[in-house]
Amino acid sequence: MTSDKRRRMSVAAVIGASMLPDELMTEVLLRLRIKSILRFRAVCRSWAAVLSSEEFCGLHMAKAEAEAAAAPPKLVFISPTASFDCTRVYSSDPSDGLLFSLDGVRGDFADMTPAPCRGLTLLHDLVAPAYYVFNAATRAVTRLPPCQYVLSSTAGLGFDARTKEYKVVRLSCGTLDDKQRIKCEVYVLGGDRWRPAAGGVPFRFWTFAGAAVATVRWTERQLRPVFADGFLHWLIDPATLLKRPRAAVLSFSVQDETFRWLRSPPFLVSRSGVHLVELAGHLCMIRDLRPQGTSMLEIWKMIKDYSSSSGDYWSLQHSIDLLQHVERDLTDPQVIRVIASAGGDYYRSGENKVILVTSKRKVITYDPVSGILETVLAIRETSSSYETEKSAPRVCLFKESLAPVHKSNEEIALSSPLAKAVKEILFRLPGDFAVQLKLVSKKWLRLLGSESFMTSYYAHKNVDRSPKIMFVGSGARGLGFSFAPLKKLLLREAPSQGTWLNTKVVCSKPCHGMNLLSTEMEDYLYNPSTGYRCSFRTPVTLEDVPDHVLVMMRGNACTSENHAFALGNKNAGLGFNLLTQQHVIVQTLYHLKDFRSRAYFMTCSVFTPSSWQHQFELPLPLSGMPPAYLSGVLYWMSEPRLGQSYKRAIVSFDIAMQTFSIIPCPPCIAMWNDTNPCQAFVVELDGTLCAVLADPVAQELDIWNLKHDRWDRAYKVYLEGWLGYWCYPLGANVVMPLAVDPKDGRILLNTGKKLGLYDPVRRTIENLYDLDEVLRLEQQHTFLDKLPNSRGKHCSGEVPLQRENPLDSKILPWIPMLYEESLASYPRAPIARRLGR
């Protein structure tokens, strides 16, 4: 193709991108196949930058996973050539066929991980020895730097969610003469060398680490480590130790680079009949009972609470009777391996299929719900002398991904010592100052506006996860809002009356660096660190209200709650669409609310960066408390005083799928009657969904958390004797748990007028903020300002503002808000818009 023709195609592509709407152009790009995207990167530099960005790659991966849930699984397998001087990597899709070849790698002594890690697969050449990482979708492959030769070693590929880096972790055992016999090395993909793990291998883990390496070696490397939930997991065979250990799995945190162990299941672990696998994001253990004379294959799932050293246990999820499937040859093969799952989350939807491979070179999918087996691949006989009846074929699940196997030129430039030093300085700057540096030059704009830098900045600023508090007041001249950190109030620096709020405001918890500030008429999306803001006015319309509801509305007024967290009949929540990587506002509004007849009518609107949608049908009426956000889902507590149901339940809204569902409450919270004065609501604490029952009689908060589809009591907060933190019937005063301090486990409580840390052990509250005391100081300052020749006299003839006592008003002068330091902005620049730069 000539250069003129390429130039004309580039101009036409850019012009076409600028003419299409941003949402449509982005949707078109996300639907393209990997081959087409790789070609489009050659159009121009802006296309190459955008289509290679971390944001686009993440959106494309999420889109591909959603589409793959309804399609048959695709697989990748390796096969040696007849001369054993080359290894070929094939796809099970006939249209793809041969993906690539690795010259100089003996195919009969090559092995790979059975499941990719976010699109990348680790391949090990045992003869060289050497490690390779490849992306089967892009057909890109890279060879890792050489590592020190040892007699026994095992390696796995994992992903660090905090730094967005792929890491290869190698566990090895040296000779008895070595000074440090057990070693753990880490290679960050794109780096230039292996390095020791940050936490090393503590002495107490030497025995388990040695047993893990021995287990892999004695099974001819069939039991490789499995990556699940941020950890690499090695199986420990008791036969490698002198006595049966309490641990069955050795786990390595890819993020923290530290070791821990998981307890043994309620059966004896044997390397001949047990192996680990990751199924739908969960660590599972497969138990083959055929050596014990039965025909059962069991799937055990690890239920793990990583915040507790003893909160993990194994739960039997499914049993497969292999005798019922004689026609599928599942009783004859000496080896049966479960390598992955296909589709969505099986343990929630029940539709996920389990992929099995056998030593007869067959790949079979099994549906645990229907019991249907289907052969998806039969690998032909190869000339490999390595594959026997005791070994399963080397098969890996194929996943569509644009993940690179090496760093880009820009990433290499930013990894230099000087660039790292500059980034460390930038990480220490406040958000508003870092944003101003974008105006210095285009280079600074690209650096500070890149997804990788903003992600690193966010991780650096919020690494301790301690709750950060700001106070919200009115902005200059009554426009917008102003923010003051808590330390100013602790230093007795009360905000001036000019910053007092003149309307009621409810604040959300931070969501990906942004906060939602809602009034009765408008919603404001803010980044308090940088000052970015965007406002949304509620589109009030009665066109979709049925006629019979309009008739009832004329004679009935909506009853609204008046506590610090209610906005009349309006309720707004802030969430994040994990598929489009955009903030979303979900707003509900009561048009009719009659507690006597239990009649109600409410509408639901969803705001996106460019539009809003309404008329989402709600399954249950919602309470007036704000929703809780967690992992792409918003949660509300239902209102038992309205509708047909007299029980409380939790209503969830999946933002990406735009679907509602109902989650049962704990029995003590679900029960309700007319004489019950307790109030219930939902919050997010320590990354989990919690249901709170506020008892005004006992003055207690009963907090339950939902983990692994099971409710457990998490905390009990005793408020009796602590004035200002009491609960009142009908929600007159609500005590809201905001966060849990990870340093000491204290719970941050907020009433609007008071803010304090509750110690669950001592049952005491440390006051951080008291509105009564702050206003008393403000009144003293105002009194001194009025005195003649006072040091605090106003300049330029300014007269102090006169206002009623805020304690006598329903509008608080300023309110506390949790925030996160970030560089997030709203709306983000659409991908399609950046293609025309």
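The values are calculated or read from the model by the stated rules, or taken from the named source; none is laboratory data. Predicted, not measured: the structure shown is a model, and the values here were computed from it. Cβ sites come from the backbone with ideal geometry, for glycine too, and all protein chains shown count toward neighbours. For accessibility, only protein heavy atoms count, side chains too; no ligands or nucleic acids. Shrake-Rupley method; radii C 1.70, N 1.55, O 1.52, S 1.80 Å.
Here are the criteria: (1) within 27 Å of I355 (Cα to Cα); (2) out of contact with any Phe, Trp or Tyr (no Cβ under 8 Å at 6 or more places or on another chain); (3) not hydrophobic (A, V, I, L, M, F, W, C). Tell me which single one P196 does not satisfy. If we test P196 against (1) within 27 Å of I355 (Cα to Cα); (2) out of contact with any Phe, Trp or Tyr (no Cβ under 8 Å at 6 or more places or on another chain); (3) not hydrophobic (A, V, I, L, M, F, W, C), just (1) comes out false. Being under 14 Å from S172 (Cα atoms) and out of contact with any helix residue (DSSP H, G or I) (no Cβ under 7 Å at 6 or more places or on another chain) is the filter; apply it to segment 188-201 and report the residue that is most open to solvent (accessible area, probe 1.4 Å). The extreme case among them is P196. Determine, yes or no, whether T530 is surrounded by 19 or more Cβ atoms within 10 Å (Cβ to Cβ), modelled with pLDDT of 65 or more, outside any strand (DSSP E or B) and of a type outside the set (K, R). Criteria met by T530. Return yes or no: is A434 over 25 Å from Y819 (Cα atoms) and either among the acidic types (D, E) or open to solvent by less than 40 Å² (accessible area, probe 1.4 Å) (or both)? No. Restricting attention to segment 430-454, the residues that are closer than 20 Å to H512 by Cβ and within 28 Å of the chain's Cα centre (by Cα) add up to 12.
Those strands (runs of 3 or more DSSP E) of segment 240-345 in which 1 or more residues are at pLDDT 85 or above and closer than 27 Å to A459 by Cβ occupy 247-253, 259-263, 274-279, 282-288, 296-303. Among the residues of segment 773-796, none qualifies, meaning not one is on the phi < 0 side of the Ramachandran plot and at pLDDT 85 or above.
Strands (runs of 3 or more DSSP E) fully within segment 592-693 that include at least 2 residues being open to solvent by less than 30 Å² (accessible area, probe 1.4 Å) and over 30 Å from V717 (Cβ atoms): 599-607. The residues in segment 125-136 that are of a type outside the set (F, W, Y) and at pLDDT 90 or above can be counted, and the count is 3.
None of A82, A115, A110, A128 is under 16 Å from R394 (Cβ atoms) and over 28 Å from the mean Cα position of the chain (by Cα) except A110. Note on segment 62-86: among residues that are in a strand (DSSP E or B) and either touching a residue at least 24 places away in the same chain (Cβ under 8 Å) or basic (K, R) (or both), the one that is farthest from L402 (Cα to Cα) is P80.
Report, by residue number, each residue of segment 694-712 that is hydrophobic (A, V, I, L, M, F, W, C), within 29 Å of the chain's Cα centre (by Cα) and assigned to a loop (DSSP other than H, G, I, E, B). Passing the criteria: none in range.
Among the residues making up segment 730-758, those that are open to solvent by 30 Å² or more (accessible area, probe 1.4 Å) and either part of a loop (DSSP other than H, G, I, E, B) or in contact with a Gly (Cβ under 8 Å, 6 or more places away or on another chain) (or both) are A732, N733, P742, K743, D744, R746, K753.
When A680 is tested against (1) within 18 Å of L757 (Cβ to Cβ); (2) within 30 Å of the chain's Cα centre (by Cα); (3) small (G, A, S), just one condition goes unmet, and that condition is (1).
Condition check for W218 on (1) in contact with a strand residue (DSSP E or B) (Cβ under 8 Å, 6 or more places away or on another chain); (2) buried (at least 16 other Cβ atoms within 10 Å of the Cβ); (3) in contact (Cβ under 8 Å) with a residue 40 or more places away in the chain; (4) closer than 30 Å to T294 by Cα: one failure, at (1).
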